[in-house]
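The values are calculated or read from the model by the stated rules, or taken from the named source; none is laboratory data. Owing to the predicted nature of the structure, the values given are computational and were not obtained by experimental measurement. Neighbour counts run over all protein chains shown; Cβ positions are idealised from the backbone, glycine included.
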Amino acid sequence: MLIDMHTHTSVYSTDSNLLPHEALAQAAERGLDGVILTEHDVVWPRERTAHLAEQVGILVLPGVEVTTELGHVLVYGLDALVPRITDAKRLRAFCDEQNALMFLAHPARDPGLRVPRAAMELFDGVEGLNGCDGPLQNQSASSRGRTRPLPPIGGSDSHAMHEVGTAATEFAANIETLDDLMAALRSGDYQPAALPY
């Protein structure tokens, strides 16, 4: 099952020009089975993602991209985000309380931002394939978990139509709900997948 784990729309991300229906229709056309809407510091209500899924015919689930001092963090499994959690350790504690998972997003994009090795322990995985990053950035991102191997996911990080469906995560399990996604992520039985354009 192919799921784009990192997408943005103009509904909640001011840097995106994608309307949800257009983005999801494009994702379905590109062969994706599902999309996680990971807006900047905002979690989509589950009822709204379920409504979008019904309309478009692919899986649509909520996630969030949280801005922290260590960079952007993709979080899965939250129904809502406590405003202004910008400290990665506090975010980890909150995610633990909520049984949510944290993945370091596009870690090689900002050369001035270095995540200390000890801080890598905060994350459940890393975005090893980002559709908006180049091959060297993605290679560097995949190696970020050297001291403790972190499973890599893939996502397009789409903000514009031409970016939709450029990267995804291939899951062995069938995923129909957020609970299914969380179980699949915890299993580690997945891999990033670059999609031909």
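Can you confirm whether the range 54-64 contains a residue that is in a strand (DSSP E or B) and more than 12 Å from the chain's Cα centre (by Cα)? If you could, list the steps in order and put the result at the bottom.
Residues of the range 54-64 in a strand (DSSP E or B): 59-64.
Still in the running and more than 12 Å from the chain's Cα centre (by Cα): 59-60.
Scanning the range 54-64, I find at least one residue that is in a strand (DSSP E or B) and more than 12 Å from the chain's Cα centre (by Cα), so the answer is yes.
If you scan the range 34-82, which residues turn out to be touching a residue at least 60 places away in the same chain (Cβ under 8 Å) and closer than 19 Å to I153 by Cβ? Outline the logic, then answer.
Taking the range 34-82 as the starting set, the residues that turn out to be touching a residue at least 60 places away in the same chain (Cβ under 8 Å) are 34, 36, 38, 46, 59, 61-62, 74, 76-77.
Correct list: G34, I36, T38, L59, L61, P62, L74, Y76, G77.
Between R84, R46, R92, which is modelled with pLDDT under 95 and within 22 Å of A184 (Cβ to Cβ)?
One residue alone meets the criteria, R46.
If you take the residues in the range 14-44 that are outside any helix (DSSP H, G or I) and more than 16 Å from the chain's Cα centre (by Cα), which one is nearest to A105 (Cα to Cα)?
Filtering the range 14-44 down to residues outside any helix (DSSP H, G or I) leaves 14-19, 30-44.
This time we only want the ones that are more than 16 Å from the chain's Cα centre (by Cα), so: 14-15, 17-19, 30-31.
Numbers: T14: 18, D15: 16, N17: 20, L18: 20, L19: 22, R30: 23, G31: 23 Å.
Residue satisfying both the conditions and the ranking: D15.
Here's a check for you: in the range 3-19, which residue that is among the hydrophobic types (A, V, I, L, M, F, W, C) and crowded, with 21+ Cβ neighbours inside 10 Å is nearest to G154 (Cα to Cα)?
M5
Scan the range 1-51 for residues that are of a type in the set (G, A, S) and farther than 19 Å from A167 by Cα and report the count.
Adding up the residues that qualify gives 3.
This table checks each residue for (1) surrounded by 19 or more Cβ atoms within 10 Å (Cβ to Cβ); (2) under 27 Å from R84 (Cβ atoms); (3) acidic (D, E).
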| residue | (1), (2), (3) |
| --- | --- |
| H21 | no, no, no |
| A25 | no, no, no |
| R30 | no, no, no |
| D33 | no, no, yes |
| W44 | yes, yes, no |
| E54 | no, no, yes |
| P62 | yes, yes, no |
| E65 | yes, yes, yes |
| E69 | no, yes, yes |
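Checking the conditions here, which among L78, L101, L59 is at pLDDT 95 or above, closer than 20 Å to I36 by Cα, out of contact with any Leu (no Cβ under 8 Å at 6 or more places or on another chain) and not polar (S, T, N, Q)?
Only one candidate qualifies: L59.
Taking only the range 20-31 into account, find how many residues are farther than 24 Å from D79 by Cβ and either hydrophobic (A, V, I, L, M, F, W, C) or touching a Gly at 6+ places or on another chain (Cβ under 9 Å) (or both).
Residues in the range 20-31 being farther than 24 Å from D79 by Cβ and either hydrophobic (A, V, I, L, M, F, W, C) or touching a Gly at 6+ places or on another chain (Cβ under 9 Å) (or both): 6 in total.
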